[in-house]
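J.: There's a structure below that I have some questions on.
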Amino acid sequence: MSRLGNLGARLYRGEVGYDFIGKRKIWYGVSILITITAIVGLAVSGLNMGIEFKGGAVFTTDTKAKVSVSQAHEDAVAASGHEAIVQELGNGGLRIQITEVDTQKADEIKAQLSEDLGIPESKINADLVGPSWGEQIANKAWTGLGIFMILVVVYLAIAFEWRMAVAALVALIHDITITVGVYALVGFEVTPGTVIGLLTILGYSLYDTVVVFDSLKEGTKGITKQTRWTYSEIANRSINGTLVRSINTTVVALLPVAGLLFIGGGVLGAGMLNDISLSLFVGLAAGAYSSIFIATPLVADLKEREPQIKALKKRILAKRAAAAAKGESVEDQQRDEAAADLDDDAETAGAGTVVGQRRQPGGHGRTPRNRR
């Protein structure tokens, strides 16, 4: 077994672990700080909306220009009076985006670009994009996001409980806020691809959260019938038990996205990949973080406000204090309770054996094994 696989098995069995729940105030503080930074960045810098949302003109050339991309950018800005985005196409041509220009202005820019780039005007194709189209996309995206949030809350409330639904919703809002804030801080262009990436990350974020919640639901069955673990401790075991799985799935998902972002967009200069790859990269990382450091600790906080769970925690702490007064450690107490549970299970299973079965002298006879 690999070292990571061995660590995962030990985490799952509870032999080792990190106290995520116990340090939840630290994670809350870090998340609040990151969220405030994202909101401030959004308020100060704003989003760099693409041409699909602002409207404008897109000029494409079929032949290679006589100037470089940087020079074409300067010419486009000088001709339009607006910021321009210039990209080199695979055939050697150029794609020039200029926002907030009308038809008359687009004709003037086209004529000026023809002169500056040394390309006949007939070889430059101009397409106008109206802002109403981008507005329709934005409205549909917000509608889809709202419907998705409602369905998530309803499903989790039915499949698990309302506290987990609330925690998952907070985690999703946390992920969206951070992703949008990063776009505002780095100044990447927001396009329909960005919206698609933003909606895509919600599924990944929810997946990691549901995996931990499912483990937590299984581990807390009949929790009030025992005095060994508090709800927070079981929640912490659930996080540790699924930690390696969450890391593996997140890393596997991040690797191809990182290739798109850093190699495709950065090294190769395929800037059109940045709009979707950045949202996926930031969203996947934030989703993995929120499922471990936000959603599950928040569930533990909400759950331990219940009278039954609060009383259980009080009984457990009182029992541990009494054991500590006798010089017993928490581990010894839990080990004794585990042994007692095994004895109870054995007695229950033994009650179902055939009455009158003779035991061999000396105890060397073979006894039937209990089957479960």
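J.: Between Arg95 and Ile32, what's the calculated FRET efficiency when r is the beta-carbon distance and R0 is 45 Å? Round to 0.05.
T.: Working: r = 41 Å, r/R0 = 0.92.
Step by step, r from the Cβ atoms, then E = 0.65.
J.: Can you give the convex hull volume of the alpha carbon atoms of the stretch 100-177 per residue, in Å³?
T.: Convex hull of Cα atoms, per residue: 130 Å³.
J.: Enter the per residue convex hull volume of the stretch 186-304, computed from alpha-carbon coordinates, in Å³ rounded to the nearest integer.
T.: Values: hull volume 11.5 nm³, N = 119.
Taking only Cα atoms, the stretch 186-304 has a hull volume of 97 Å³ per residue.
J.: Accessible area, 1.4 Å probe, largest first: how do Met164, Met149, Met49 sort? Don't jump to the answer; show the numbers that get you there.
T.: Values: Met164 5, Met149 25, Met49 55 Å².
The ranking, largest first, comes out as Met49, Met149, Met164.
J.: Using the reciprocal of the averaged 1/r over all distinct C-alpha pairs, how large is the Kirkwood radius of the stretch 108-259 in Å?
T.: Values: mean 1/r = 0.0514 Å⁻¹.
Computed over the stretch 108-259, the radius equals 19.5 Å.
J.: On to the next question. Summing Lys, Arg as +1 and Asp, Glu as -1, what charge do residues with Cβ under 14 Å from the Cβ of Ile124 carry, Ile124 excluded? Can you show the working numbers first?
T.: Details: positive: Lys64, Lys66, Arg95, Lys110, Lys123; negative: Asp62, Asp75, Asp107, Glu108, Glu115, Asp116, Glu121, Asp127.
My count for the surroundings of Ile124 gives -3.
J.: Once every Cα of the stretch 47-138 carries one equal point scatterer and solvent is ignored, give the base-10 log of I(q)/I(0) from the Debye formula at q = 0.21 Å⁻¹, two decimals.
T.: Log10 of I(q)/I(0), two decimals: -0.96.
J.: Determine the gain in length on full extension of the stretch Asp214-Lys23; use 0.36 nm per residue of separation and subtract their C-alpha separation, reporting nm with one decimal. Kindly include the intermediate steps, with their values, before the conclusion.
T.: On the way: separation 191, 0.36 × 191 = 68.76 nm, distance 2.19 nm.
Answer, rounded to one decimal: 66.6 nm.
J.: Say R0 is 22 Å: what FRET efficiency, to the nearest 0.05, do Val40 and Ile173 get from their beta-carbon distance?
T.: Working: r = 17 Å, r/R0 = 0.77.
The computed FRET efficiency comes out at 0.85.
J.: Let me understand the stretch 12-88 better: what is its radius of gyration from the alpha carbons, and its Dmax, in angstrom?
T.: That works out to 23.9, 68 Å for Rg and Dmax.
J.: Per-residue accessible area for Asp62 at 1.4 Å probe radius, Å² rounded to 10?
T.: 110 Å²
J.: Computed FRET efficiency, Cβ-Cβ of Glu161 and Ile247, R0 35 Å: what is it to the nearest 0.05? Walk me through the numbers on the way to the answer.
T.: Working: r = 27 Å, r/R0 = 0.76.
About 0.85, to the nearest 0.05.
J.: If you don't mind, another one. Using the reciprocal of the averaged 1/r over all distinct C-alpha pairs, how large is the Kirkwood radius of the stretch 17-56 in Å? The partial results should precede the final answer.
T.: Details: mean 1/r = 0.0777 Å⁻¹.
For the stretch 17-56, inverting the mean 1/r across all distinct Cα pairs yields 12.9 Å.
J.: Now, a different point. At 7 Å along Cα-to-Cβ for each site, give me the label-to-label distance between Val69 and Lys314 in nm.
T.: Between Val69 and Lys314, the simple spin-label model gives 6.7 nm.
J.: Then there is this: Taking 0.36 nm per residue of separation and subtracting the Cα-Cα distance, what length does fully extending Ala325 through Lys221 add? Walk me through the numbers on the way to the answer.
T.: Details: separation 104, 0.36 × 104 = 37.44 nm, distance 3.03 nm.
Extra length available between Ala325 and Lys221 comes to 34.4 nm.
J.: I would also like to ask the following. Could you tell me the center-to-center distance, by alpha carbons, between the stretch 36-90 and the stretch 120-134 in angstrom?
T.: So the separation of the two Cα centres works out to 14 Å.
J.: In nm, give the distance between the simple-model label positions of Trp133 and Glu115, each being 7 Å from the Cα along the Cα-to-Cβ direction.
T.: Each label point is offset 7 Å from its Cα along the Cβ direction, giving 2.9 nm.
J.: Cut-off under 29 Å on the C-alpha distance; same-chain residues fewer than 8 positions from Lys140 excluded. Which lysines are left, in chain and number order?
T.: Lys54
J.: Count the net charge of all other residues whose Cβ sits under 12 Å from the Cβ of Asp208, scoring Lys and Arg as +1 and Asp and Glu as -1.
T.: Numbers: positive: Arg245; negative: Asp175, Asp214.
Result for the neighbourhood of Asp208: -1.
The values are calculated or read from the model by the stated rules, or taken from the named source; none is laboratory data. Because the structure is a prediction, the values reported are computed rather than measured. Every residue, glycine as well, gets a Cβ built from its backbone with ideal geometry; the counts of neighbours run over all protein chains shown. Quick note on the areas: whole protein, heavy atoms, side chains included, nothing else; ligands and nucleic acids left out. Shrake-Rupley method; radii C 1.70, N 1.55, O 1.52, S 1.80 Å.
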